[in-house]
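Student: Quick one: the structure is below, and I'll ask about it shortly.
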Amino acid sequence: MLKLGTFSRLGDPIVGASPIMEIPMRYVSSLAALLVALAYGNAQATQIVNDDDAAYTVTVVSPDGERALNVAAGAVLENVCPAGCTLILGEGQVVATADNSVHISKGKIALDD
């Protein structure tokens, strides 16, 4: 197994190499992937959770325009509007930012507290 940082350009071992430098490359790659996921994992977009046993059509109004979004009974929709939007269900509406979670319960739409 190649030990990261323990060989010189010519392939000779480096005298006094730190044991921490003996980390296998696959672990370094896995750690890098984890750090990237954590850094960007907090980037969110509005989530809609339908707590009801009925399906609904939610109107999404964003800078890109207006669209109808079908939300099945018990469904959880991710990344609904990354830049924020207004969500309309019947007579109710909420203005959601990218980090909001919105619930539909008893036919009403509301932001999570």
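No lab work stands behind these numbers, since they all come straight from the coordinates. This one's a predicted model, so the numbers in the text were calculated from it and none came from an experiment.
Student: For Cα pairs less than 8 Å apart in space and 6+ apart in sequence, what is the mean separation divided by the residue count of segment 47-111, i.e. the relative contact order in percent?
Tutor: That works out to 36 percent.
Student: Now, a different point. When the chain is fully extended, how far beyond the present Cα-Cα distance does ALA83 get from ASN70, taking 0.36 nm per residue of separation?
Tutor: Taking ALA83 through ASN70 to full extension adds about 2.7 nm, to one decimal.
Student: Continuing with the same structure: Compute the separation of the alpha-carbon centres of segment 90-104 and segment 49-86 and state it in Å as a whole number.
Tutor: Measuring centre to centre over Cα atoms gives 9 Å.
Student: Sticking with this one: Once you have the Cα-Cα distance between VAL95 and VAL61, take 0.36 nm times their residue separation minus that, and quote the gain in nm to one decimal.
Tutor: 11.3 nm
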